[in-house]
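The values are calculated or read from the model by the stated rules, or taken from the named source; none is laboratory data. Keep in mind it's a predicted model, so treat the numbers as computed, not measured. Here Cβ is always computed from backbone atoms with ideal geometry, including for glycine, and neighbour counts include all displayed protein chains. Please note that ligands, DNA and RNA were not included when accessible areas were found on the heavy atoms of the full protein model with its side chains. Shrake-Rupley method; radii C 1.70, N 1.55, O 1.52, S 1.80 Å.
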Amino acid sequence: METPIKENKISRRKFLKRGGGITFLIAAAGVPVWGLRNHEKETNPGQITAWVHLDENGTITIYNPAAEMGQGTMTALAAIVAEEMDADWSMVKIMDAPVEPEIYGIGWGGERGGSMLTVGSRSVSGHYRNLRQSGAQARYVLLHNVAREWKVDIKELTTQEGHVIHSKSNRKISYGEIAGFIQLPEELPEIPESEWKDPKDFRLIGKEFQRKDIPEKVDGSAVFSTDIMVQDMVYGVVSRSPVNGSKPELKNESEIKALDGMLGVLMLDHGIGLVADSMESVLKAKRNCQISWNGNPKALGHNSREAYEDYNKMAESDSSGNIITSSGNLRNELSLSDKIIKADYKNDYVYHAQMEPLNAVAHVKADRAEVWAGTQAADGTRKAIADHLKIPLESVKLHTCFLGGGFGRRSMTDYVLEAVDLSKAMGRPVKLQWTREDDIQFGAFRPMSLQCMEAGIDQKGKINAWRHVVVGTGGGLLGSGADIPFYDIPNKHIEVRNIDHGIRTKHWRAVGHGPNKFAIETFLDEIAVAQKLDPYQLRRELMKNHPRALKVLDTAAKMADWGGKVPEGRARGIGFAERSGTLAAGVCEISLNRNTGKIKVHKIWGAMDAGVVVHPQNAKGQMEGALVMGLSSVLNESITFKDGRVEQSNFNNYPLLRMEDSPEEIAIEIIPSTEPPAGIGEAGLPFMGAVVSNAFASLTGKRLRHMPFTPEKVKEVLAS
Amino acid sequence: MTTSFILNGKKVEVTAASDANLLWTLRERLQLTGTKYGCGASFCGTCTVHLEGKPIKACVTPLSAVEGKEVLTIEGLSENRSHPLQIAWIEEQVPQCGYCHSGQIMQAAALLKANPNPSREEILSHMNAVLCRCGTYPRIMKAIEKTIQNT
């Protein structure tokens, strides 16, 4: 174990040594693995679920299996365990779980032991039942011990906020006191769901409580990987290919090596690694590198503005792509339709722009490695390091840190492996820091795409046929959210056609839902206008067989007083979207400066049904944040490529939404539900493009069909 | 080159190359990592600290510029998170990822020091300097307005 000068969490082993309490390592199969050993080699893969550590002073430490990147799940997940074990929340501390997916991972179906991959808003929804079980098991251990100590029947014992109670003899004992005599039962049973806490007795789930990570985020003490300091650490940066796939040739190596403070220059496949004794020195070296970029990579031919023309041709061609869904007889019904409505929508590339630029600290030694990183893919990163160095997984110690934003970008491992390469070459710890320019220019973006929509309207004015062809780059990233499961249209065909431009694309908050729901929800509005229908009523009709969705839409409409009086010079738009199981609807109110072309969003009303919501206060915060981030992408954000090069470089030419452009008022309502929890973190984002475009159409009679709606584009549309 | 200045109320001396920068000095030489790197070009405000009571971007400030002057960072803003803004930030549950909030709070603290009762417009134009990708702006506004009401 390296001795870091500063580290966010005590290592687990150190913690266990000095904790002096008892760690419950709970096995689902009824085989507990106890003790303070490095259990990694001893676990039964796929079986173990959760950990709770109890100190004699009553402190309960709950392990957090997911990345904390701002979404607040470290608090929500611990609250689920604390709820079932009836812990006193004020005594609960949270620590990142070790990177051991057999224990802390989760499968896509919520089964135990998948990966520790924090994506798709799945942390609470995926872990919910398992963590209730783990909490119930921890409670069982406490009850079991008190029953033995007091020689009473376990069935006579109850718990109440950090205490075990025997009402028959009027005795009460705190969890901390139990730690003093605790012994671990031979077998730990699965607690049947019927014995879990009755939701009406919940003290935490669905109630108001504070996030545990916020105090350290208001005084600068929260530790991100960029804050890690290790003895003898030096600083690294990389000058990366401006065109993805081009190979570097450093022209002035001796000059660079001679610069003050320079310690090393490393040739990487995709760039030049530089290491120096300070950030200033290494950044100076980077500025002074003369590199010729060689090769003829595919990306060199990519010009994003022109790519839309190719997409148009691809959309019109007879070839077929991946079918997302196909039902009824679309061709027949379209030809029989009374009226056909068509529209195309465009979406530029979008950059993650997490506020903490990518970075990692690595110390690679002869046969092992120790790494500090903020990552959405804890186990994937650990494995990637082991594979990269060709050493066993057990020889890689990965310390997970807070993430200064992730949004999908930190599910990649590129930045961590660079730190590993530099440390290996230097034989000492290296902090690898990406500059903002690096982060943008070597980004991996939400793909650009064209959405071609076509609807057939029958004689009764109903939408009888629906065709949606998505054309773009990024393969599997394009299709999410293209389906319309809550709108009943008898004949539909939804398809994705992909082209590879050789550039880097990646999941970005809500993935394809942002572009696809923009197209779908704007197109519905266009149909409503063409049919002289209220867009809210049109949606109500389409989702009449989906009561939960209907309730969400009705709630948003009611909150906004849809159809009521709107202030002079303003207009409203409505939209609906599902994402990660959460149903969400929104209304926004905008005004427009016709001289500058600037749209101002004044208010947003949002409603969601996310099943059981563990932490409503935080869920509202997530929806607020998703609406604002969504609005930023809708109004401002565009990455463009010229000859394969990203044209943007920093926040001056990739402007994020600032405070003055944030809505004056955001109101959120959560629909009460007893359904299983759904994913919340992305749900507010997908409809934002449509609600703004729809409000704009209501205000001006003109339609915005190409995100982002920059002032230049707005003025163009107004003049059209 | 040695630079002396007052950091969070205490005199410090730093010996570093002449091109040393305030942000990297605070973070890497003095290990006050509450001040963050975000863009290196004064666009995002994540690195905001006070120089003689006024908000500046540490990322574009040469170390030599603070010679003999007072620098305040988030670590020196209060004892035990007791600054009214920090209290309001917790009450309103403002941060998400948290990365920008040292900058947000330092920016807001400078405003309230100079003008204890700013209008909403004044708050907006002042706070425009600091970006938040998580979209916590509505809660930042609530926390600042609450602080103004309470003091």
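Counts of other chain beta carbons within 10 angstrom of each beta carbon in peptide A:222-231 average 3. Sorting A:339, B:142, A:168 by accessible area puts them as A:168, B:142, A:339; the probe is 1.4 Å, largest comes first, and only protein heavy atoms count. Of all lysines in the structure, the ones whose alpha carbon falls short of 19 Å from that of residue A:713, not counting any fewer than 8 places away in one chain, are A:346, A:598, A:600, A:702. Considering only A:530, A:265, A:71, and ranking their Cα positions along the charge dipole of the protein assembly as shown that arises from unit charges at the beta-carbon of Lys, Arg, Asp and Glu, the one farthest toward the positive end is A:530. Rolling a 1.4 Å probe over the protein chains gives residue B:39 an accessible area of about 0 Å².
Out of the trypsin sites (Lys or Arg not before Pro) in the range A:592-634, which ones are loop residues according to DSSP with at most 16 other C-beta atoms within 10 Å? Listed in order of number, the matching sites are A:594. In this structure, the amide hydrogen of residue B:69, modeled 1.01 Å from its nitrogen in the peptide plane, lies closer than 5 angstrom to those of B:6, counting only residues at least 5 positions away or on a different chain. Charged side chains reduced to their Cβ positions (Lys and Arg at +1, Asp and Glu at -1) give the range B:2-76 a dipole of some 140 debye around its Cα centre.
Projected label points at residue A:366 and residue A:702, each 7 Å from Cα along the beta carbon direction, are separated by 7.1 nanometres. Residues in the range A:263-305 average 45 Å² of solvent-accessible surface per residue, probe 1.4 Å, ligands and nucleic acids excluded.
The residues of the range B:91-125 occluded by other protein chains by 30 Å² or more of accessible area, set against the chain on its own, are B:93, B:95, B:96, B:97, B:99, B:120, B:124; surface from heavy atoms, 1.4 Å probe. Spatially close Lys pairs in the range B:1-139, defined by Cα atoms under 15 Å apart and a spacing of eight or more places or different chains, total 5. Annotation for the range B:5-90: GluC sites (Glu not before Pro) lying in DSSP loop with at most 15 further Cβ atoms inside 10 Å of their Cβ are B:52, B:67, B:79.
Burial of accessible area (probe 1.4 Å, heavy atoms of protein chains only) in the range B:1-46, relative to its chain alone, reaches at least 30 Å² for B:19, B:24, B:27, B:28, B:29, B:31, B:33, B:36, B:37, B:38, B:39, B:43.
Multiplying the residue separation of residue A:161 and residue A:186 by 0.36 nm and removing their Cα-Cα distance gives an extension gain of 6.4 nm.
Please give, to one decimal in nm, the separation of the simple spin-label points placed at residue A:335 and residue A:488, each 7 Å out from Cα toward the Cβ. According to this spin-label approximation, the distance is 2.8 nm.
When the helices of the protein assembly as shown are scored as -39500 (n - 2.57) per DSSP H run of n ≥ 4 and the total is divided over every residue, the value at 222 nm lands at -9000 deg cm²/dmol.
For the pair A and B, the buried accessible area comes to roughly 4800 Å² in total, with a 1.4 Å probe and the value rounded to the nearest 100.
In this Cβ point-charge picture (+1 for Lys and Arg, -1 for Asp and Glu), the range B:84-150 has a dipole of about 100 debye about its Cα centre. Given axes a ≥ b ≥ c from the Cα gyration tensor, I'd like to know whether chain A is rounded (a/c under 1.5), prolate (a/b larger than b/c) or oblate. Oblate, because a/c is 1.5 or more while a/b does not exceed b/c. Each Lys or Arg adds one and each Asp or Glu subtracts one; over the other residues with Cβ under 13 Å from the Cβ of residue A:366, this totals +3. Annotation: aspartates and glutamates with alpha-carbon distance below 17 angstrom to residue A:151 (same-chain offsets under eight excluded): A:177. The accessible area of residue A:129, taken with all protein chains in place and a 1.4 Å probe, comes to roughly 130 Å². Legend: residues B:32, B:63, sorted from most to least accessible area (1.4 Å probe; ligands, DNA and RNA excluded), read B:32, B:63.
Taking the charge dipole of the protein assembly as shown about its Cα centre, with +1 at Lys and Arg Cβ atoms and -1 at Asp and Glu Cβ atoms, the residue from A:588, A:220, A:416 reaching farthest to the positive side is A:588.
For the residue pairs A:603/B:142; A:365/A:397; A:313/A:462, the C-alpha atoms sit more than 19 angstrom apart in A:313/A:462.
For the range B:2-76, with all protein chains in place and a probe radius of 1.4 Å, 50% of the accessible heavy-atom surface sits on carbon or sulfur. Computing FRET efficiency as 1/(1 + (r/R0)^6) for residue A:259 and residue A:532, where r is the C-beta to C-beta distance and R0 is 56 Å, gives about 0.20. Checking the Cα-Cα distances for A:339/A:460; A:342/A:492; A:251/A:284; A:339/A:492; A:298/A:390 against a 20 Å cut-off, the pairs over it are A:298/A:390. The loop-placed GluC sites (Glu not before Pro) in the range A:555-642, going by DSSP, that have at most 15 neighbouring Cβ atoms within 10 Å of their Cβ come out as A:568. Available extension along the chain between residue A:395 and residue A:152 is 82.7 nm, counting 0.36 nm per residue and deducting the alpha carbon span. Contact residues in the range A:204-220 by the 40 Å² criterion (accessible area, 1.4 Å probe, full protein complex versus chain alone): A:210, A:214, A:215, A:217, A:218, A:219, A:220.
Measuring nothing but how far apart in sequence close Cα pairs (under 8 Å, 6+ apart) lie, relative to its length, chain A scores a relative contact order of 13 percent.
Net charge around residue B:114, counting only other residues with Cβ within less than 14 Å of its Cβ (Lys, Arg = +1; Asp, Glu = -1)? With Lys, Arg at +1 and Asp, Glu at -1, the net is 0. Comparing B:87, B:140, B:56 in a Gaussian network model of chain B (Cα springs below 10 Å), the most mobile by mean-square fluctuation is B:87. With a simple spin-label model that places each label point 7 Å from the Cα along the Cα-to-Cβ direction, the separation between residue A:108 and residue B:60 comes to 4.6 nm. Screening chain A for whole DSSP H helices of 27 Å or more along their axis (Cα) with average Kyte-Doolittle hydropathy at least -1.0 returns A:123-150, A:616-635.
Surface listing: B:27, A:428 arranged by accessible area from highest to lowest gives A:428, B:27, probe 1.4 Å.
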